[in-house]
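To start, the structure under review is shown below, and the notes come after it.
The values are calculated or read from the model by the stated rules, or taken from the named source; none is laboratory data. The model shown is predicted, which means the values in this text are computed figures rather than measured ones. Methodologically, a virtual Cβ is constructed for each residue, glycine included, from the backbone with ideal geometry; neighbour enumeration extends over all protein chains shown. We work out accessible area using only protein heavy atoms, side chains counted, and drop any ligands, DNA or RNA first. Shrake-Rupley method; radii C 1.70, N 1.55, O 1.52, S 1.80 Å.
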Amino acid sequence: ADTFDGGAVLDASGKLLGLLNVFERRLKFVVPVSALTALKPGPLVKFKAWTPEDYLESVEANWLSGRLLMWMDENYAAVRGLDKVVKAQPNNVEAWKFLATVYEKQRDYAKALEAFQKLASLEPGNAAAFAGVGMIQARTQKYSEAIPNLEKALELDSSQVEVYRSLGEAYEGLREWV
């Protein structure tokens, strides 16, 4: 992604005086036009032809805000950002993981289930994705659907204690004991 690290310095009439360069927050300097012309740059883009970007609507900004808001437990606001990310980048595994987690916190189990299923399809070796699918199915009393997903999660990672509990609850819900 391109980042902004400077811009044109113009006088009141719009004449180019130099180029402002910004390094970090405190270090700023201007390169005068005479130095720029000595560099013999290639074709320049006319300043007025530049199309401004609304950074807050970018995938990068939504990714950042979605994660921050999730960690701050601002889940409804986090969903807005993360949802934009997965629409723009449907194979972004981390965004699907965070989105599934936020939906689960909100107890929106239908959307959490979709997100965990998408995560499992993107990463078939992701035990947490199968655990998420199975645990939501168990919570919503879809025990026969939950069992294969919970077993797959344990096959991939047998250290998940919570998955064992959910698997036991699913068998109990079906009245089938191992």
Next item on the list: For residue 19, indicate whether it is open to solvent by 90 Å² or more (accessible area, probe 1.4 Å), at pLDDT below 90 and not polar (S, T, N, Q).
Entry: no
Next item on the list: Consider only pairs whose beta carbons are under 7 Å apart and that are at least six residues apart or on different chains; among these, list those whose first residue lies in segment 1-13 and is closer than 23 Å to residue 57 by Cβ and whose second residue is assigned to a strand (DSSP E or B) and modelled with pLDDT under 65.
Entry: 5/22; 6/22
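Which residue, of 1, 95, is at pLDDT below 90 and not basic (Lys, Arg)?
1
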Note to self: Here is a check on your reading of the model: is residue 76 hydroxyl-bearing (Ser, Thr, Tyr), modelled with pLDDT under 95 and within 26 Å of residue 57 (Cβ to Cβ)?
What the structure shows: yes
Item checked: Given (1) on the phi > 0 side of the Ramachandran plot; (2) in contact (Cβ under 8 Å) with a residue 12 or more places away in the chain, index of the condition residue 107 fails -> (2)
Check: Within the set of pairs 6+ apart or on separate chains, which have a first residue in segment 156-178 that is closer than 19 Å to residue 126 by Cα, a second that is in a loop (DSSP other than H, G, I, E, B) and at pLDDT 95 or above, and C-beta atoms under 8 Å apart?
Finding: 156/125; 156/126
Check: Which of the residues spanning segment 119-156 are surrounded by 15 or more Cβ atoms within 10 Å (Cβ to Cβ) and outside any helix (DSSP H, G or I)?
Finding: 123, 126, 142
Item checked: segment 157-178: number of residues that are in a helix (DSSP H, G or I) and either surrounded by fewer than 14 Cβ atoms within 10 Å (Cβ to Cβ) or not β-branched (Val, Ile, Thr) (or both) -> 13
